[in-house]
Amino acid sequence: AKADGKSCVRTAARAIDSAMGRRARLARDLPAALEQEHFRMVYQPVVGVEERRILGLESLVRWDHPQLGTVPPDEFISLAEDEGLIVPLQRWVLGRATRDAAALHAAGFEVMTSINVSVRHLQAGCLAPDVASALAEAGLPPHKLILEITESVMLDAEDRLESDLATLKEMGCVLSVDDFGRGYSSLAYLARLPVQILKMDREFVADIERDERGATLVAGVLDLGHRLGLDVVAEGVETVGQLRMLEERGCRFMQGWLFGRPVDADSLPEVLTAFDWG
Ligand code: C2E
Ligand code: CA
Ligand code: CA
Ligand code: CA
(Lines give C-alpha, C1' and ligand atoms only; values in the text may rest on other atoms or scores of the structure.)
(Ligands and ions follow the chains in the order given, each with its own letter.)
Protein backbone atom coordinates (compact mmCIF):
# COMPACT_ATOMS: atom_id res chain seq x y z
CA ALA A 1 0.00 0.00 0.00
CA LYS A 2 2.90 2.26 0.84
CA ALA A 3 4.58 1.66 -2.49
CA ASP A 4 1.24 2.27 -4.19
CA GLY A 5 0.87 5.58 -2.39
CA LYS A 6 4.34 6.64 -3.45
CA SER A 7 3.77 5.78 -7.06
CA CYS A 8 0.47 7.64 -6.92
CA VAL A 9 2.29 10.71 -5.68
CA ARG A 10 4.89 10.28 -8.42
CA THR A 11 2.19 9.90 -11.08
CA ALA A 12 0.38 12.96 -9.79
CA ALA A 13 3.61 14.94 -9.76
CA ARG A 14 4.33 13.90 -13.32
CA ALA A 15 0.82 14.88 -14.36
CA ILE A 16 1.21 18.31 -12.75
CA ASP A 17 4.66 18.61 -14.33
CA SER A 18 3.38 17.92 -17.80
CA ALA A 19 0.35 20.13 -17.29
CA MET A 20 2.62 22.98 -16.26
CA GLY A 21 4.95 22.11 -19.10
CA ARG A 22 2.07 22.36 -21.56
CA ARG A 23 0.82 25.66 -20.19
CA ALA A 24 4.35 27.10 -20.20
CA ARG A 25 4.83 25.86 -23.74
CA LEU A 26 1.52 27.37 -24.89
CA ALA A 27 2.48 30.65 -23.20
CA ARG A 28 5.80 30.62 -25.06
CA ASP A 29 4.18 29.83 -28.42
CA LEU A 30 1.24 32.23 -28.16
CA PRO A 31 2.92 35.42 -29.49
CA ALA A 32 4.13 33.64 -32.65
CA ALA A 33 0.75 31.99 -33.09
CA LEU A 34 -0.87 35.43 -33.08
CA GLU A 35 1.65 36.79 -35.54
CA GLN A 36 1.22 33.82 -37.88
CA GLU A 37 -2.55 33.60 -37.31
CA HIS A 38 -2.63 29.97 -36.20
CA PHE A 39 -6.23 30.47 -35.12
CA ARG A 40 -9.49 29.42 -36.66
CA MET A 41 -13.12 30.20 -35.91
CA VAL A 42 -15.82 27.56 -35.80
CA TYR A 43 -19.54 28.29 -35.66
CA GLN A 44 -22.32 26.53 -33.79
CA PRO A 45 -26.02 26.98 -34.65
CA VAL A 46 -28.49 28.66 -32.28
CA VAL A 47 -31.97 27.52 -33.19
CA GLY A 48 -35.37 29.23 -32.94
CA VAL A 49 -37.89 26.66 -31.76
CA GLU A 50 -40.91 28.50 -33.14
CA GLU A 51 -39.16 29.57 -36.33
CA ARG A 52 -37.78 26.06 -36.77
CA ARG A 53 -34.59 27.39 -38.24
CA ILE A 54 -31.08 28.56 -37.40
CA LEU A 55 -31.33 32.15 -36.15
CA GLY A 56 -27.78 32.55 -34.92
CA LEU A 57 -24.24 31.26 -35.00
CA GLU A 58 -21.93 31.37 -32.00
CA SER A 59 -18.32 31.88 -33.01
CA LEU A 60 -15.80 29.81 -31.06
CA VAL A 61 -12.04 30.14 -31.44
CA ARG A 62 -9.57 27.26 -31.97
CA TRP A 63 -5.77 27.29 -31.96
CA ASP A 64 -4.19 25.01 -34.55
CA HIS A 65 -0.81 24.36 -32.97
CA PRO A 66 1.73 22.94 -35.45
CA GLN A 67 2.97 20.28 -32.97
CA LEU A 68 0.18 19.95 -30.40
CA GLY A 69 -2.79 19.93 -32.76
CA THR A 70 -6.05 21.72 -31.97
CA VAL A 71 -5.92 23.51 -28.61
CA PRO A 72 -9.36 24.35 -27.11
CA PRO A 73 -10.20 27.88 -25.93
CA ASP A 74 -10.58 26.78 -22.30
CA GLU A 75 -6.81 26.19 -22.41
CA PHE A 76 -5.64 29.42 -23.99
CA ILE A 77 -8.15 32.23 -23.38
CA SER A 78 -7.18 32.59 -19.71
CA LEU A 79 -3.55 32.19 -20.77
CA ALA A 80 -3.87 35.03 -23.28
CA GLU A 81 -5.49 37.11 -20.52
CA ASP A 82 -2.61 36.38 -18.13
CA GLU A 83 0.03 37.05 -20.79
CA GLY A 84 -1.47 40.39 -21.77
CA LEU A 85 -2.32 39.09 -25.26
CA ILE A 86 -6.09 38.93 -25.03
CA VAL A 87 -6.73 42.25 -26.81
CA PRO A 88 -4.81 41.29 -29.97
CA LEU A 89 -6.40 37.82 -29.87
CA GLN A 90 -9.91 39.26 -29.52
CA ARG A 91 -9.18 41.72 -32.32
CA TRP A 92 -8.33 38.79 -34.55
CA VAL A 93 -11.52 37.00 -33.46
CA LEU A 94 -13.59 40.14 -34.13
CA GLY A 95 -12.05 40.59 -37.56
CA ARG A 96 -12.51 36.99 -38.65
CA ALA A 97 -16.02 36.54 -37.25
CA THR A 98 -17.38 39.82 -38.65
CA ARG A 99 -15.92 39.05 -42.11
CA ASP A 100 -17.45 35.56 -42.09
CA ALA A 101 -20.77 37.05 -40.94
CA ALA A 102 -20.65 39.72 -43.66
CA ALA A 103 -20.06 37.03 -46.31
CA LEU A 104 -23.13 35.11 -45.10
CA HIS A 105 -25.14 38.32 -45.02
CA ALA A 106 -24.09 39.13 -48.60
CA ALA A 107 -25.12 35.61 -49.66
CA GLY A 108 -28.61 36.30 -48.30
CA PHE A 109 -28.50 34.33 -45.03
CA GLU A 110 -30.48 36.01 -42.26
CA VAL A 111 -28.50 35.00 -39.19
CA MET A 112 -26.98 36.76 -36.21
CA THR A 113 -23.39 36.05 -35.21
CA SER A 114 -22.27 36.01 -31.60
CA ILE A 115 -18.78 36.62 -30.35
CA ASN A 116 -17.48 35.78 -26.89
CA VAL A 117 -16.04 38.84 -25.22
CA SER A 118 -13.25 38.89 -22.65
CA VAL A 119 -13.65 41.03 -19.53
CA ARG A 120 -10.07 42.15 -19.97
CA HIS A 121 -10.89 43.67 -23.34
CA LEU A 122 -13.70 45.62 -21.70
CA GLN A 123 -11.41 46.63 -18.84
CA ALA A 124 -8.72 47.70 -21.31
CA GLY A 125 -11.25 50.30 -22.47
CA CYS A 126 -11.03 49.51 -26.18
CA LEU A 127 -13.83 46.99 -26.70
CA ALA A 128 -16.35 49.45 -28.13
CA PRO A 129 -13.91 51.09 -30.59
CA ASP A 130 -12.49 47.68 -31.61
CA VAL A 131 -15.99 46.34 -32.30
CA ALA A 132 -16.84 49.50 -34.24
CA SER A 133 -13.79 49.23 -36.49
CA ALA A 134 -14.28 45.48 -37.07
CA LEU A 135 -17.89 46.12 -38.14
CA ALA A 136 -16.85 48.97 -40.42
CA GLU A 137 -14.02 47.01 -42.04
CA ALA A 138 -16.20 43.96 -42.60
CA GLY A 139 -19.21 46.02 -43.70
CA LEU A 140 -21.44 44.21 -41.24
CA PRO A 141 -24.51 45.96 -39.82
CA PRO A 142 -24.13 46.24 -36.00
CA HIS A 143 -27.53 44.66 -35.35
CA LYS A 144 -26.18 41.40 -36.83
CA LEU A 145 -23.66 41.11 -33.99
CA ILE A 146 -24.26 39.69 -30.51
CA LEU A 147 -21.60 40.15 -27.83
CA GLU A 148 -21.63 37.42 -25.19
CA ILE A 149 -20.33 38.42 -21.80
CA THR A 150 -19.92 36.00 -18.92
CA GLU A 151 -21.73 36.81 -15.75
CA SER A 152 -18.54 36.90 -13.68
CA VAL A 153 -17.59 39.99 -15.67
CA MET A 154 -20.57 41.76 -14.26
CA LEU A 155 -19.44 41.13 -10.71
CA ASP A 156 -16.79 43.79 -10.90
CA ALA A 157 -18.68 45.93 -13.35
CA GLU A 158 -17.77 49.51 -12.70
CA ASP A 159 -19.60 52.51 -14.05
CA ARG A 160 -17.12 52.83 -16.89
CA LEU A 161 -17.59 49.23 -18.00
CA GLU A 162 -21.33 49.76 -17.89
CA SER A 163 -21.05 52.86 -20.04
CA ASP A 164 -18.90 50.97 -22.59
CA LEU A 165 -21.62 48.33 -22.76
CA ALA A 166 -24.20 51.09 -23.21
CA THR A 167 -22.11 52.50 -26.08
CA LEU A 168 -22.11 49.10 -27.81
CA LYS A 169 -25.85 48.87 -27.39
CA GLU A 170 -26.32 52.38 -28.79
CA MET A 171 -24.24 51.31 -31.80
CA GLY A 172 -26.89 48.67 -32.39
CA CYS A 173 -25.06 45.57 -31.14
CA VAL A 174 -27.00 43.04 -29.08
CA LEU A 175 -25.65 42.12 -25.64
CA SER A 176 -25.99 38.70 -24.09
CA VAL A 177 -25.21 37.37 -20.61
CA ASP A 178 -23.33 34.08 -21.06
CA ASP A 179 -23.22 31.06 -18.71
CA PHE A 180 -26.02 32.52 -16.61
CA GLY A 181 -26.24 30.75 -13.26
CA ARG A 182 -22.73 29.33 -13.21
CA GLY A 183 -20.85 30.13 -10.03
CA TYR A 184 -22.08 33.65 -9.56
CA SER A 185 -25.44 35.09 -8.68
CA SER A 186 -25.26 38.70 -9.74
CA LEU A 187 -28.96 38.86 -10.35
CA ALA A 188 -29.07 42.62 -9.81
CA TYR A 189 -26.85 43.22 -12.86
CA LEU A 190 -29.42 41.59 -15.09
CA ALA A 191 -31.83 44.40 -14.39
CA ARG A 192 -29.17 47.11 -14.62
CA LEU A 193 -27.10 46.22 -17.67
CA PRO A 194 -28.37 46.78 -21.21
CA VAL A 195 -28.58 43.08 -22.12
CA GLN A 196 -31.22 41.56 -24.38
CA ILE A 197 -30.31 37.88 -24.20
CA LEU A 198 -29.71 35.50 -21.31
CA LYS A 199 -27.85 32.28 -22.00
CA MET A 200 -28.74 29.68 -19.40
CA ASP A 201 -25.68 27.63 -18.47
CA ARG A 202 -25.71 24.08 -19.75
CA GLU A 203 -25.51 22.70 -16.18
CA PHE A 204 -29.20 23.64 -15.80
CA VAL A 205 -30.07 21.85 -19.01
CA ALA A 206 -28.06 18.78 -17.94
CA ASP A 207 -30.11 18.60 -14.71
CA ILE A 208 -33.54 19.20 -16.23
CA GLU A 209 -34.44 15.51 -16.51
CA ARG A 210 -32.76 14.42 -13.28
CA ASP A 211 -35.42 15.38 -10.79
CA GLU A 212 -38.16 17.84 -9.97
CA ARG A 213 -35.67 20.34 -8.56
CA GLY A 214 -33.65 20.48 -11.76
CA ALA A 215 -36.80 21.09 -13.77
CA THR A 216 -37.96 23.76 -11.31
CA LEU A 217 -34.67 25.64 -11.56
CA VAL A 218 -34.86 25.70 -15.36
CA ALA A 219 -38.45 26.95 -15.22
CA GLY A 220 -37.33 29.62 -12.75
CA VAL A 221 -34.50 30.89 -14.94
CA LEU A 222 -36.78 30.97 -17.98
CA ASP A 223 -39.44 32.85 -16.05
CA LEU A 224 -36.93 35.33 -14.62
CA GLY A 225 -35.48 36.05 -18.05
CA HIS A 226 -38.86 36.41 -19.72
CA ARG A 227 -40.18 38.72 -16.98
CA LEU A 228 -37.16 40.93 -17.56
CA GLY A 229 -38.05 41.01 -21.24
CA LEU A 230 -35.01 38.97 -22.30
CA ASP A 231 -34.68 36.21 -24.87
CA VAL A 232 -33.48 33.09 -23.06
CA VAL A 233 -31.19 30.64 -24.88
CA ALA A 234 -30.73 27.17 -23.40
CA GLU A 235 -27.15 25.94 -23.93
CA GLY A 236 -25.89 22.37 -24.22
CA VAL A 237 -29.12 20.76 -25.44
CA GLU A 238 -28.08 17.21 -26.29
CA THR A 239 -31.25 15.10 -26.19
CA VAL A 240 -34.80 15.20 -27.51
CA GLY A 241 -35.99 14.77 -23.91
CA GLN A 242 -34.26 18.01 -22.92
CA LEU A 243 -35.69 19.75 -25.98
CA ARG A 244 -39.23 18.68 -25.07
CA MET A 245 -38.94 19.72 -21.42
CA LEU A 246 -37.49 23.10 -22.39
CA GLU A 247 -40.19 23.61 -25.00
CA GLU A 248 -42.92 22.82 -22.45
CA ARG A 249 -41.49 25.48 -20.18
CA GLY A 250 -41.57 28.14 -22.87
CA CYS A 251 -37.94 28.11 -23.99
CA ARG A 252 -37.78 29.47 -27.55
CA PHE A 253 -34.05 29.43 -28.31
CA MET A 254 -31.67 26.52 -28.01
CA GLN A 255 -28.11 25.54 -28.79
CA GLY A 256 -26.36 22.21 -28.44
CA TRP A 257 -25.17 19.05 -30.10
CA LEU A 258 -28.77 17.98 -30.78
CA PHE A 259 -28.98 20.79 -33.36
CA GLY A 260 -25.40 20.88 -34.51
CA ARG A 261 -21.74 20.87 -33.52
CA PRO A 262 -19.46 23.80 -34.29
CA VAL A 263 -18.31 23.80 -37.96
CA ASP A 264 -15.84 25.74 -40.09
CA ALA A 265 -17.03 28.85 -41.97
CA ASP A 266 -16.78 27.01 -45.32
CA SER A 267 -19.53 24.59 -44.26
CA LEU A 268 -21.97 27.27 -43.10
CA PRO A 269 -23.90 27.86 -46.34
CA GLU A 270 -24.58 24.12 -46.55
CA VAL A 271 -25.45 23.80 -42.84
CA LEU A 272 -27.80 26.80 -43.03
CA THR A 273 -29.48 25.53 -46.19
CA ALA A 274 -29.75 21.89 -45.18
CA PHE A 275 -30.82 22.46 -41.56
CA ASP A 276 -33.72 20.20 -40.89
CA TRP A 277 -35.74 20.22 -37.70
CA GLY A 278 -35.05 16.84 -36.02
P1 C2E B 1 -19.19 29.03 -24.07
O2 C2E B 1 -19.24 30.45 -24.50
O3 C2E B 1 -20.14 28.59 -23.01
O4 C2E B 1 -19.38 28.16 -25.40
C5 C2E B 1 -20.09 26.96 -25.47
C6 C2E B 1 -19.17 25.77 -25.32
O7 C2E B 1 -19.98 24.60 -25.14
C8 C2E B 1 -18.32 25.52 -26.56
O9 C2E B 1 -17.09 24.94 -26.13
C10 C2E B 1 -19.17 24.50 -27.31
O11 C2E B 1 -18.42 23.71 -28.22
C12 C2E B 1 -19.69 23.66 -26.17
N13 C2E B 1 -20.95 22.98 -26.50
C14 C2E B 1 -21.88 23.36 -27.39
N15 C2E B 1 -22.94 22.54 -27.39
C16 C2E B 1 -22.68 21.58 -26.46
C17 C2E B 1 -23.41 20.43 -25.99
O18 C2E B 1 -24.51 20.12 -26.43
N19 C2E B 1 -22.83 19.71 -25.00
C20 C2E B 1 -21.61 20.04 -24.48
N21 C2E B 1 -21.12 19.26 -23.51
N22 C2E B 1 -20.90 21.10 -24.90
C23 C2E B 1 -21.43 21.88 -25.88
P24 C2E B 1 -15.68 25.52 -26.65
O25 C2E B 1 -15.76 25.87 -28.11
O26 C2E B 1 -14.63 24.55 -26.22
O27 C2E B 1 -15.53 26.87 -25.86
C28 C2E B 1 -15.32 26.87 -24.47
C29 C2E B 1 -15.37 28.26 -23.92
O30 C2E B 1 -14.26 29.06 -24.39
C31 C2E B 1 -16.60 29.05 -24.37
O32 C2E B 1 -17.71 28.66 -23.56
C33 C2E B 1 -16.16 30.47 -24.16
O34 C2E B 1 -16.32 30.86 -22.80
C35 C2E B 1 -14.68 30.41 -24.48
N36 C2E B 1 -14.45 30.91 -25.85
C37 C2E B 1 -14.62 30.29 -27.02
N38 C2E B 1 -14.30 31.09 -28.07
C39 C2E B 1 -13.93 32.29 -27.52
C40 C2E B 1 -13.48 33.54 -28.06
O41 C2E B 1 -13.40 33.76 -29.29
N42 C2E B 1 -13.19 34.52 -27.16
C43 C2E B 1 -13.30 34.35 -25.81
N44 C2E B 1 -12.99 35.37 -24.98
N45 C2E B 1 -13.72 33.19 -25.26
C46 C2E B 1 -14.02 32.16 -26.11
CA1 CA C 1 -20.64 31.88 -25.24
CA1 CA D 1 -22.03 29.63 -22.39
CA1 CA E 1 -18.06 30.64 -21.09
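The values are calculated or read from the model by the stated rules, or taken from the named source; none is laboratory data. What you see is a predicted model; the values in this text were computed from it and never measured. We place every Cβ from the backbone using ideal geometry, glycine too, and count neighbours over all the protein chains shown. What goes into the accessible areas is simple: the full protein's heavy atoms, side chains included, and nothing from ligands, DNA or RNA. Shrake-Rupley method; radii C 1.70, N 1.55, O 1.52, S 1.80 Å.
Just a few scattered comments:
- For chymotrypsin sites (Phe, Trp or Tyr not before Pro), the sites in region 166-251 that DSSP calls loop and that have at most 15 other Cβ atoms within 10 Å are TYR184.
- Difference of contour (0.36 nm per residue) and Cα-Cα distance, GLN36 to ASP74: 11.6 nm
- Remark: region 52-63, residue by residue, has Karplus-estimated 3J(HN,Hα) of 6, 8, 7, 9, x, 10, 8, 7, 9, 8, 10, 10 Hz, where x stands for each Gly or Pro and the curve is 6.51 cos²θ - 1.76 cosθ + 1.60 at θ = phi - 60°.
- In Å², nearest 10: area of MET245 left accessible to a 1.4 Å probe: 40 Å²
- Mean separation of Cα contacts under 8 Å, 6 or more apart, over the residue count of the chain: relative contact order %: 18 percent
- Beta-bridge orientation, the chain: approximately 45 percent antiparallel, per DSSP, counting only bridges with both partners inside.
- Once backbone amide H atoms are built at 1.01 Å from N, SER114 has LEU57, GLU58, SER59, ILE146 as its partners under 5 Å, excluding neighbours fewer than 5 places away on the same chain.
- Whole-percent P(r), region 114-233, all Cα pairs, 10 Å bins from 0: 14, 43, 29, 11, 2.
- Surface accessible to a 1.4 Å probe, THR273 within the full protein complex, Å²: 100 Å²
- The chain: radius of gyration over Cα atoms, expressed as a fraction of 2.2 N^0.38 Å: 1.07
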